[in-house]
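Data block below; observations after.
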Amino acid sequence: MISHVLRASGTARVLVFLLFCPCLLPTLKSQDNPASGFKFTKIDNQLLDEVNELDQMYVKKGLVLQDPDLQEYLDSVGKRVMGTRPAPEQVEIRFRALRDPMVNAFASPNGTIYVTTGLLALLENEAQLAGVLGHELTHVYNRHTYLENRSERKKVLTINILQAAASLAPAGANLSQTAQIFGAAIRLGAAVSSEVLVASIYGYSREKEREADSNGLTSMVAANYDPHAMARSFELMDQDGKFEFEPIVGFYRDHPKLTDRRAAALEFASAHTPGEPRPSPENEYLAKVAPAICYNIEADIISRRARTAVARAMKLTTAMPDEPRYQVLLADAYRSLGAKMRAPSQEELSRHGQAEDRKEYANLTDQEEQKRLLQKPEGAAALHENLDQAEKLYSGVIQHNPSYADAYRGLGFLYEQEAKYTEAAGEYRHYLDLVAGTTIDHLRIERRLAAVEKLGGASPTQSQ
């Protein structure tokens, strides 16, 4: 595992914040809990204090998604997977959605289980979420973080990883926000255990990850979830990794490992059937986690992951076509694609194409990349197709929901992008007429209106 990371390109590939399954699964079977006789030591109590501090930091930084309905849903699925098991000593089981576009999930030894918005947006149904939570609960119940913290196995790597985290912390929206919190904490001297960071980056030992997958599958069946859902999760992760280059890539993107783990999960599922299978419709799941998906679409757009944003938004619009917010988000995603094709070409998927993609991501701004794409005929065609699709979506929302302000704002952005300044000014005015005049966004659109009026020679009082 370590050698794989050291071969990855650039320090950004090293700063991976992933505890969700970085292992191969040659077999899947229930295992005894190695922490059944666990006794707290001074080192363990110190680690507990540090992860409690880290939990507080996530909340203070606004990284925990505060949505009552989503929280209730996470709690209900998590408690179902827990079953009747009592929490271990000094553990309070909590489930939280983390504002982070990286596809990820991890567990703190104090019992807080985080699922990122990126992972919630990728999954298709409740059974898949149950598999993730079952895996992470195993790390908590079996005291994996404490046991790893006591080991000397990874400590020799600590100093290099800490330096990488600290140097990458200011990298902005293109870097996992969770990882940035670690880097910021290190730079500020916060008491975040180096061992926690090492485990978070590299995952646990293969044996511990086997336990987590095996017990996660067992917990799924006990809660009447179809264990085939875990195999499907691995398939989704593999497919999702082909959309576009990501500056931080988790172990699950390693195709051979995903393939082997999927096969092992299917083998388990073929031999274990829930007594009363629990329905897990995709539409119901999407409705429950929509706040996380909406946040993630916006984060993906900011992070130059427009293809991913389109895919996430299309899931919402397909499931709930009458919701104007999802239509506008899909239009925003198409607009941000610009001259990039919605799906990667075969050349982009080749090793050479992926290397070029990495180089451009690191060396070119979004505007520079768009300019380069427009030099090719297919780029110009993609721009026309994407902007046309975005305009149709914005206009469709306005037609059915004339008071939905965000559609006018998006259409204004689109017209400004096309240098149609008079049309952009008209849409911005519609937007300003519909929203309160004290919001930050209102002031931002006022400034853009002034700019396009100047460029287009339009009068501020020009009729609509």
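Let's see how each residue does on (1) modelled with pLDDT under 95; (2) open to solvent by 30 Å² or more (accessible area, probe 1.4 Å); (3) of a type in the set (Asp, Glu):
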residue: His384; (1), (2), (3): no, yes, no
residue: Asp388; (1), (2), (3): no, yes, yes
residue: Tyr394; (1), (2), (3): no, no, no
residue: His400; (1), (2), (3): no, yes, no
residue: Glu423; (1), (2), (3): no, yes, yes
residue: Gly437; (1), (2), (3): yes, yes, no
residue: His442; (1), (2), (3): yes, no, no
residue: Lys454; (1), (2), (3): yes, yes, no
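Residues in region 362-380 that are part of a helix (DSSP H, G or I) and open to solvent by less than 100 Å² (accessible area, probe 1.4 Å): Ala362, Asp366, Glu368, Glu369, Gln370, Arg372, Leu373, Glu378, Gly379, Ala380.
In region 117-124, the count of residues that are charged (D, E, K, R) and out of contact with any Phe, Trp or Tyr (no Cβ under 8 Å at 6 or more places or on another chain) is zero. Considering only residues in region 351-361 that are modelled with pLDDT under 85 and farther than 19 Å from Ser303 by Cα, the one that is most open to solvent (accessible area, probe 1.4 Å) turns out to be Arg351.
Taking region 89-121, which residues are closer than 13 Å to Ala292 by Cα and either of a type in the set (Lys, Arg) or open to solvent by 10 Å² or more (accessible area, probe 1.4 Å) (or both)? Once the filter is applied, which keeps residues that are closer than 13 Å to Ala292 by Cα and either of a type in the set (Lys, Arg) or open to solvent by 10 Å² or more (accessible area, probe 1.4 Å) (or both), region 89-121 yields Arg96, Arg99, Pro101, Met102. The combined condition, being modelled with pLDDT of 90 or more, open to solvent by less than 40 Å² (accessible area, probe 1.4 Å) and part of a helix (DSSP H, G or I), is not fulfilled by Ala264. Among the residues of region 33-42, is there at least one that is open to solvent by 10 Å² or more (accessible area, probe 1.4 Å), at pLDDT below 60, β-branched (Val, Ile, Thr) and over 30 Å from Val221 (Cα atoms)? Looking for residues that are open to solvent by 10 Å² or more (accessible area, probe 1.4 Å), at pLDDT below 60, β-branched (Val, Ile, Thr) and over 30 Å from Val221 (Cα atoms), one finds none in region 33-42, hence no.
The single condition from (1) closer than 26 Å to Ile297 by Cβ; (2) modelled with pLDDT of 90 or more; (3) not aromatic (Phe, Trp, Tyr) that Asp100 fails is (2). The set of residues from region 128-152 being of a type in the set (Phe, Trp, Tyr) and open to solvent by less than 10 Å² (accessible area, probe 1.4 Å) comprises just one member, Tyr146.
The values are calculated or read from the model by the stated rules, or taken from the named source; none is laboratory data. Keep in mind that what you see is a predicted model, and the values were worked out from it rather than measured. Virtual Cβ from ideal backbone geometry, glycine too; neighbours counted across all protein chains shown. Please note that ligands, DNA and RNA were not included when accessible areas were found on the heavy atoms of the full protein model with its side chains. Shrake-Rupley method; radii C 1.70, N 1.55, O 1.52, S 1.80 Å.
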